[in-house]
């Protein structure tokens with residue numbers, strides 16, 4: 001019975017991966033728009049302020065590319081690296097544990113995007129056409 005379920009689920013893996021990519025991409029995009037434009041929440045960062053404004057710009061570009069499934073592996077690698085840097089620069093000095101230092105989102109984005117580097121975009125990607 002388990003092998004039948006596995007076989008059926010395996011046929012849907014590309015679609016599930018595509019939906020995962022779209023969700024991660026949209027969340028990353030919103031992470032960037034909140035820094036650059038103050039939307040959907042939070043204050044916007046003044047133009048050019050290092051490193052936050054530049055991080056927001058990377059998040060918007062990577063978020064759009066990952067959501068669309070265009071240059072997914074390269075965009076995800078850039079986004080994953082940026083989140084690793086964000087964790088080590090901004091969160092780790094406060095405390096080791098992400099639950100205590102506010103770095104949970106950075107860790108989740110880092111590893112979610114790193115997964116896309118290795119798996120590719122899945123279904124529903126522009127690069128698949």
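Counting alpha carbon pairs within less than 8 Å and at least 6 residues apart, what relative contact order, in whole percent, applies to the chain? Write out the running numbers ahead of the final one.
Details: 180 pairs, mean separation 37.6, N = 129.
Here the relative contact order equals 29 percent.
So how do 95, 6 line up by other beta-carbon neighbours within 10 Å, fewest first? Mind showing how you got there, number by number?
Numbers: 95 12, 6 9.
In increasing order of surrounding Cβ atoms, one gets 6, 95.
Normalized C-alpha radius of gyration of the chain, against 2.2 N^0.38 Å? Display every interim value, and only then the final one.
Working: Rg = 16.3 Å, N = 129, 2.2 N^0.38 = 13.9 Å.
Against the empirical 2.2 N^0.38 Å value, I get 1.17 for the chain.
Gap in Å between the Cα centre of segment 1-40 and the Cα centre of segment 89-129?
Each part reduced to its Cα centre gives a spacing of 12 Å.
Sorted from fewest to most neighbouring beta carbons within 10 Å, what does the list 88, 71 look like?
In order of increasing Cβ crowding within 10 Å: 88, 71.
Any read-out appearing in this document is the output of simple, stated calculations on the displayed coordinates, not a laboratory observation. All values derive from a computational prediction rather than experimental measurement. Don't worry about glycine lacking a Cβ; one is built from the backbone with ideal geometry, like all the others, and counts go over all protein chains shown.
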